[in-house]
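Contents: one structure, followed by commentary.
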Amino acid sequence: MIATVLIAIAAGAASALMFASIVSGALISLLLFYLAPLPLMVAALGWGPLTASIGGIAAAVGLGAIFSLPYCIAFAVTVALPAWWLGHLALLGRRLGGGVRRDVSHLPAEQDEMAEPPGRQRDGDGERDAVGQAEQGAEADRSGDAAEARAKRSPADRSDHQRQRCQIEQDERDQRARNDRGEHQGRRSAGDQGYQSKGHHQLSRSLRAVRGISPQPSATGRPGSLMS
């Protein structure tokens with residue numbers, strides 16, 4: 001707590017000195033006057049809005065005591081209050097411990113947009129790109145390791161692999177040859193059966209023809225001429 005108070009007083013003193021430099025009338029004092037809220041804003045972003053409010057109150061009281069009350073009011077309205085408010089809005093979208101975001105659902109739409117600046121979205125996109133590149137690199141490393149493993153395979157392993165592949169191909173050729181022989185034998189057996197059935201058919205026709213022209217016995221019991 002003491003360190004926070006000391007930082008707040010230091011930031012308030014720096015802001016008050018930059019604000020009071022306008023009294024000198026120098027040209028550089030105009031730049032310092034416009035940069036007067038910067039120390040309080042840094043204190044608010046680094047140590048919280050409470051630190052900026054303590055520093056602003058201390059600086060306003062010091063300016064009022066040294067110069068006059070209008071300086072105190074002008075510093076409080078134009079420097080201390082805007083620095084504290086901007087620091088408070090900037091810290092609304094920060095992540096708490098464990099990656100949990102602060103609840104900003106109760107804020108208006110404008111404050112919600114200010115609580116989550118575009119830079120944070122760009123940081124998230126950059127993190128996703130980095131993760132994607134890391135995954136691609138890991139996949140490339142795995143493929144490279146596999147290629148090295150294949151390259152480091154001993155000649156005996158490669159010869160065994162070739163022998164196994166040749167054996168598989170030979171088995172496939174033998175199987176196709178057996179299938180071809182079985183089909184050929186089936187066609188031959190079918191042709192032989194057709195030929196035998198055709199021969200039997202012709203033989204039966206010949207027998208019927210012979211029986212049809214055989215000589216008829218005559219009335220005397222002797223074979224005679226054919227009866228018309």
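Just so you know, all these numbers are worked out from the coordinates, no wet-lab data involved. Everything quoted here is computed from the prediction, not taken from an experiment. Please note: Cβ atoms are built from the backbone with ideal geometry, for glycine as well, and neighbour counts cover all protein chains shown.
Is any residue of the stretch 50-80 close enough, with backbone N under 11 Å, to a label point placed 7 angstrom from the Cα of VAL23 along the Cα-Cβ axis, and if so, which? Only 63-69, 71-72 fall inside the zone, counting backbone N under 11 Å. Modelled label positions at ILE168 and SER189, each set 7 Å beyond Cα in the direction of Cβ, lie 3.4 nm from each other.
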